[in-house]
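The values are calculated or read from the model by the stated rules, or taken from the named source; none is laboratory data. What you are looking at is a predicted structure, and each value in this text was computed from that prediction instead of being measured. For neighbour counting, all protein chains shown are included, and Cβ atoms are generated from backbone atoms with ideal geometry for every residue, glycine included.
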Amino acid sequence: MSPLEYLHNPSYPIVLAQYKRDGWGVGHEEHLHWALMTITDTNRLRGHCFQAVDRVYADERGKVWSLHYAKDASLERTSKCLGGIQIGSVKARKLDSLLEIIQQHSTVPKFAGWNCRDWILEVVETLACKGWIHERFAAAHEAANPQEVFLTGLRIASRATAAIQGKDFKPQVQWLEW
């Protein structure tokens, strides 16, 4: 791709972000909340954010999952963010297709104990079929423990983010080397 073509069709990083949960933080990455972001502004870590969220009702509904989408989210918006890892990229001209695919992916639990991390794994598998997920992560669903494929990078990101908490807070993202 020529430099001119790149300017007219940039690539946006696809980032798996992690967030603290009550009682869980650095050192417990396997229990953190996961969200998927397409970063359209790398300087301010802003872009489209998707996450599966649950709500527990005291009646017959029990736990209900839903998709939460924010068009202009930022990893810097909350100190609960412990950074993330880039798992792929999408060309600007394909961004709308990616957003539509993610929005159409249901948040219906597939097994007991299913959670936001499992939803992310399902979406990653779908995006991998489109070529938007880096080969290092594309076959995660085939691993004995699919989440483990991402946890090494997430642990590095959370420790790096925690090391700079305070007024200079900026979640650390482990960017892919292509």
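Give the stretch 123-178 a look and list any residue that's touching a residue at least 24 places away in the same chain (Cβ under 8 Å), in contact with a helix residue (DSSP H, G or I) (Cβ under 8 Å, 6 or more places away or on another chain) and not in a helix (DSSP H, G or I), or say none.
Those that are touching a residue at least 24 places away in the same chain (Cβ under 8 Å), in contact with a helix residue (DSSP H, G or I) (Cβ under 8 Å, 6 or more places away or on another chain) and not in a helix (DSSP H, G or I): 130, 132, 133, 146, 147, 169, 170, 171, 172, 173, 174, 176.
Mind checking which residues of the stretch 19-29 are touching a strand residue (DSSP E or B) at 6+ places or on another chain (Cβ under 9 Å) and over 14 Å from residue 173 (Cα atoms)?
20, 21, 24, 25, 26, 28, 29
If we keep just the residues of the stretch 31-63 that are of a type in the set (A, V, I, L, M, F, W, C) and under 13 Å from residue 115 (Cβ atoms), which is surrounded by the fewest Cβ atoms within 10 Å (Cβ to Cβ)?
Start the filter on the stretch 31-63 by keeping residues that are of a type in the set (A, V, I, L, M, F, W, C), which leaves 32, 34-37, 39, 45, 49-50, 52-53, 56, 58.
Filter once more, so that each one left must be under 13 Å from residue 115 (Cβ atoms): 32, 34-35, 52-53, 56.
On the way: 32: 22, 34: 22, 35: 23, 52: 26, 53: 14, 56: 8.
Here the residue is 56.
Filter the stretch 7-30 down to residues that are surrounded by 14 or more Cβ atoms within 10 Å (Cβ to Cβ) and in contact with a Lys or Arg (Cβ under 7 Å, 6 or more places away or on another chain), then give me how many there are.
Adding up the residues that qualify gives 5.
Let me confirm something: among 90, 64, which residue is more than 24 Å from residue 28 (Cα to Cα), of a type outside the set (Asp, Glu) and touching a residue at least 12 places away in the same chain (Cβ under 8 Å)? Write out each step before concluding.
Working: 64 fails: touching a residue at least 12 places away in the same chain (Cβ under 8 Å).
The match here is 90.
Report the residue count in the stretch 55-74 for those that are at pLDDT below 95 and within 15 Å of residue 34 (Cβ to Cβ).
Of the residues in the stretch 55-74, 0 are at pLDDT below 95 and within 15 Å of residue 34 (Cβ to Cβ).
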